[in-house]
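K.L.:
Encoded as structure tokens, here's the structure I'll be asking about.
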């Protein structure tokens, strides 16, 4: 008598009733045929994808509830970024807290949902970004990418790690996976499977996942013991070659046209960098935030929590850009120097600077800078006198948009920053 392994179904659609009496060999053959010719869940999805006619496939769990306006932000990314294989919304618990804003794959095979249990209005969980993996509970997929990758690997059936494996296969093919928090979907999570069963499936499939991706995992740190920003951020931003912190008075908007354009150009030219804008004042932040978050720029306005916020990001940034008098002055400058001591320094001098900076602290900030960007060419001589060893670049309103971007790229090149090919495509001159 041979042993038959029959997959367990937590919420079956069909119950098979078979009355047996003697003739075990026929019963055995019937059961074997049933197992062999009844496809598991993810194989059914793979087959359905082959017959689907639309260019995009939506993978949606039965316990996922879409919210108003959820689809256009996802479609827009697939329609305009051909190197994106899949885009996911931000998943929320039924109580409105974050369940997952993309996920992080750690070196020991652990997979952490970013932002789990945190308040959904916190800006660090609201900006779009490339992610290691996004849950297939709700995932909009480019059909051609799904088919070319071979779909879900049935080795992970019935569930768990199959979507992580698929996302990493896309990355290995040069395709990207994106989380777009501009789209929100509520997800019960595990509503159709008991917790013990989930733990059992994770324990069974994790060794297979670790074996398959051991080279990638070997280049990553193990999952930290606790959810602390200082430990989680390196995993979140591991795909970002450049990490840029911009510090200014407000979240850039039309009140600051030069800075608004500068931040937008940084976002367009370095779309794969982690660009974080830290506002010292929260005034107007919520109104100015949406277009920047949609570009993939992380925003923060910690207010009185500035010191612990910077402490949580110690040594995280390679370039620090100060764009206002307050940002370049003590005590903010002291916090930046102590938490980002190895970062290259860029000081942006806007059109209001007349060369008569009375406070020695501001002059010290300029004198110590690696690069100074002036908003007015008339400032070059004044600034050069204060900071003779700094590189001084002018990006003013008299330049065309392309000239401004070329000047920005040229200025940042000595700091080791090379623009992304996709972003540099916006420069036509």
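K.L.:
Of everything in region 205-215 that's touching a helix residue (DSSP H, G or I) at 6+ places or on another chain (Cβ under 9 Å) and closer than 13 Å to residue 156 by Cα, which residue is surrounded by the most Cβ atoms within 10 Å (Cβ to Cβ)?
P.N.:
Selected residue: 209.
K.L.:
Can you find a residue that is assigned by TED's automatic domain parsing to the domain that holds residue 408 and closer than 20 Å to residue 365 by Cβ anywhere in region 292-302?
P.N.:
No, that holds for no residue.
K.L.:
Do we have any residue at all in region 23-41 that's closer than 22 Å to residue 173 by Cβ, surrounded by 11 or more Cβ atoms within 10 Å (Cβ to Cβ) and either touching a helix residue (DSSP H, G or I) at 6+ places or on another chain (Cβ under 9 Å) or at pLDDT 95 or above (or both)?
P.N.:
Taking every residue of region 23-41 in turn, none turns out to be closer than 22 Å to residue 173 by Cβ, surrounded by 11 or more Cβ atoms within 10 Å (Cβ to Cβ) and either touching a helix residue (DSSP H, G or I) at 6+ places or on another chain (Cβ under 9 Å) or at pLDDT 95 or above (or both).
K.L.:
Continuing with this model, one more query. I need a count of the residues in region 249-268 that are buried (at least 24 other Cβ atoms within 10 Å of the Cβ) and in contact with a helix residue (DSSP H, G or I) (Cβ under 6 Å, 6 or more places away or on another chain).
P.N.:
Residues meeting the conditions: 2.
K.L.:
Run down 259, 233, 245, 202 and say which single residue is at pLDDT below 95 and within 26 Å of residue 303 (Cα to Cα).
P.N.:
Of 259, 233, 245, 202, the one residue that is at pLDDT below 95 and within 26 Å of residue 303 (Cα to Cα) is 259.
K.L.:
Quick one: what pairs do we get from region 252-269, first residue not assigned by TED's automatic domain parsing to the domain that holds residue 418, second not in a loop (DSSP other than H, G, I, E, B), C-beta under 7 Å, 6+ apart or different chains?
P.N.:
Close Cβ pairs (under 7 Å, with a partner that is not in a loop (DSSP other than H, G, I, E, B)) do not exist here.
K.L.:
Here is a follow-up. Need a quick list: strands (runs of 3 or more DSSP E) entirely within region 320-417 having at least 2 residues that are touching a residue at least 60 places away in the same chain (Cβ under 8 Å).
P.N.:
Counting at least 2 such residues, we get 344-349.
The values are calculated or read from the model by the stated rules, or taken from the named source; none is laboratory data. Here the structure is a predicted model, which is why all the values come from computation and not from measurement. Cβ sites come from the backbone with ideal geometry, for glycine too, and all protein chains shown count toward neighbours.
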